[in-house]
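The values are calculated or read from the model by the stated rules, or taken from the named source; none is laboratory data. Computed from a predicted structure; not experimentally measured. Methodologically, a virtual Cβ is constructed for each residue, glycine included, from the backbone with ideal geometry; neighbour enumeration extends over all protein chains shown. Side chains are part of the model used for accessible areas, which takes the heavy atoms of the whole protein and leaves out ligands, DNA and RNA. Shrake-Rupley method; radii C 1.70, N 1.55, O 1.52, S 1.80 Å.
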Amino acid sequence: MALESHGHVAKHGQSSQEDVVMKCIKPLFAIGLFGMAAGLSFTSAKAQDSHSGHASIGVNRPSPQVIRGLYLVKISGCNDCHTPGYAESGGNTPQKAWMTGSTVGFQGPWGTTYPTNLRLSMQRLSEAQWLQSARRPTRPPMPWFALREMSDADLRAVYAAVRYLGPAGEKAPAFVPPGQTPKGQFIDFVPRSPSAAYGAK
């Protein structure tokens, strides 16, 4: 009886220890399953986002067309007039300020013109409208004839690049007709001889 009783106690004690161990393991097991499920859910969502083109990495990454458009804007002189301070900074103006127009006018026999804020104006144009307006003659000093020679693909790239940059800045001052004095700063765009510019000596 003593042996049987002792054996029964040992068996009961072993069962109690197993119960304690299981009580400790079950929460850890549940946490592990939850972590696996969460990981699979995240991986699945990431795969779906990547498949649909909306992966978290590179959401704002420019397309090849936009990259080409930004390159054309940079090398074609667009920033020289349409980006404030671009020429003065040696081309070191931050991209966020590109193509926002200028309040400095260009005066000549045609009147006084101001570089348009293309970041605003091109938001109102469709791609087809841009292709038409880009090749339309405009007042100096805008080199519209250079745009006329651009391919449709290049003009579309410029359009995509400006739209990619998004709206920013303020509307440029309105055109001032010949004979009227502009209110702000302007550059005299008429060639002059030294005697006319500084007076005869």
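Assorted remarks:
- Residues whose amide H lies under 5 Å from that of F186, counting only those 5 or more places away or on a different chain, are G105; hydrogens are built 1.01 Å from N in the peptide plane.
- Ordered from longest to shortest, the equivalent ellipsoid semi-axes for the range 63-201 are 29, 16, 15 Å, each the square root of 5 times a Cα gyration tensor eigenvalue.
- Using a simple spin-label model with pseudo-atoms 7 Å out from Cα toward Cβ, L72 and S193 lie 4.3 nm apart.
- Probe 1.4 Å, protein heavy atoms only - accessible area per residue of the range 66-201 in square angstrom: 60
- Within the shell of other residues whose beta carbon sits under 14 angstrom from the beta carbon of T93, the net charge comes to +1, with Lys and Arg scored +1 and Asp and Glu -1.
- Length gained on full extension, S89 to D154, computed as 0.36 nm times the residue gap minus the Cα-Cα distance: 20.8 nm.
- In the complete set of protein chains, residue-level accessible area for R156 is approximately 80 Å², probe 1.4 angstrom.
- Net +/- balance of residues flanking R68 in space, Cβ distance below 11 Å, scoring K and R +1, D and E -1: +1
- Label positions at Q132 and D80, each projected 7 Å from the Cα along the C-beta direction, are separated by 3.0 nm.
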